[in-house]
1. Could you compute the net charge surrounding residue 97? Neighbours are other residues with a C-beta less than 14 Å from the C-beta of residue 97; K and R count +1, D and E count -1.
2. Considering amide H positions built from the backbone, and no H for Pro or chain starts, which residues 5 or more places from residue 12, or on another chain, come under 5 Å of its amide H?
3. Restricting the calculation to Cα positions, tell me the Rg (one decimal) and the Dmax (whole number) of segment 12-108 in Å.
4. Quote the charge dipole size of segment 12-108 about the Cα centre in Debye, to the nearest 20; the model charges only the Cβ of Lys and Arg (+1) and of Asp and Glu (-1).
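Bear in mind these aren't lab numbers, they're just calculated from the coordinates by the rules spelled out. All figures in this text were calculated on a predicted structure; none of them were measured in a lab. Ideal geometry is used to build each Cβ from the backbone, glycine not excepted, and the neighbour counts take in all protein chains shown.
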Amino acid sequence: MKPDAEDLEPYFRIHPDTGRLEPHPKLEEAQSRRAKETIRLCNLQRPALCTKRVEMPMRVLRWLSNTEATEWQELSSPRLEYTFVLRHVLETRGQPKLAELARMRFCSAPARN
């Protein structure tokens, strides 16, 4: 998988306490293998990455409580790392419209090289 060109949200779940990636439980076997292989090949369980995956939800929750427009532009930028974490937090915190807006920004952005 190419995280900079492909939406990873359907493939992964993030453990909220550790930041570790897990294949989404609803994946078919072939998709689950693909997710696991991507985790392995890209070494996506590195401590620094897991830490960032734990920090991102805290940042989103801070934004939700402050609702600053300038921070939304940064948080929903398709170039921001962990955009699928942003969408996950918004979905689980009752903000599906904001999650969809962020998803649309990601999907309409040109692929990064």
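1. So the environment of residue 97 carries a net charge of +2.
2. Result for residue 12 returns 24.
3. So, for segment 12-108, Rg and Dmax equal 13.9, 42 Å respectively.
4. Roughly 200 debye for segment 12-108.
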